[in-house]
1. Take the alpha-carbon centre of segment 129-144, take the same for segment 65-82, and report the distance between them in whole Å.
2. Restricting to segment 44-211, what percent of DSSP beta bridges are antiparallel, rounded to 5?
3. Distance cut-off 32 Å, Cα to Cα: go down the list K156/K215; K106/K174; K44/K198 and report the pairs above it.
4. Full extension from A218 to K140: what is 0.36 nm times the residue separation minus their Cα-Cα distance, to one decimal in nm?
5. By average Cβ neighbour count within 10 Å, what is the ranking of 131-137, 40-46 from highest down?
6. Can you give the percent of C-alpha pairs in segment 130-218 whose distance is more than 16 Å?
Amino acid sequence: MEEAQLREIIKDFIEQLELLLKEQVKDLPKTEPLPLMNVGPLTKRAMIEIVSHEGIVLEAYKDSVGVWTWGIGVTDASGHSVGRYKDNPQSIAKVVEIYKWLLETKYLPPVLRAFKGHKLTENQLAAAVSFHYNTGAIEKASWVKTFLAGHKAIAKQQFMNYRRPPEIIERRKKERDLFFDGTWSNDGMVTVYTKVNKPSYTPNWKSAKRIDITKELA
């Protein structure tokens, strides 16, 4: 075989290999940046408090209103595509990694902006971030403006205006009591659901386990 023919064969092989690799890479799920090790001023206790309201589901499921959700209450609207986790359970470490990243990049900054110029205590920050993680409404919430104006009793009442769907009311009460009274509701443990019912894709409530995620939050 002549050298020119050999070079042509090698060139064709390389081109075919490049095309194959491009096709494989195209089908891989997109990844987000790794989260920071610490989530600003949020303490571990604060982060666990939020998780205790959300719970953890290791694979994608449909929430009470049919929205695809994963991990610690994460939806596509959170800024992380959850379709990749359908029938694809993840580790607790992965769930916490994405949770911390979202807190750092999406949920904590608006809370700090909403209370700019006012120093929040540990319990107030935890409750405010929990509220925003669930509602996305911290920068337009009436209770925040009322609180900053110094009318704490009225703000405490307004906090409960955000009560839909009905199953969220107990969580809202706990967030309210944490922000205004400093009452923590979590015992340091969180609930994880290891299974999802098929084909309904609702969490299997019987698969619930109580676990400590302190190590993953390190």
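1. A separation of 18 Å, based on Cα centres.
2. Here the share of antiparallel DSSP bridges comes out near 80 percent.
3. Those over the limit are K156/K215; K44/K198.
4. 24.8 nm
5. 131-137, 40-46
6. Tail fraction, whole percent: 66.
Quick note: the coordinates plus some simple rules give every number you see, no bench work behind them. What you see is a predicted model, and the numbers here were worked out from it, not measured in a lab. Cβ: placed from backbone, ideal geometry, glycine included. Neighbour counts: every protein chain shown.
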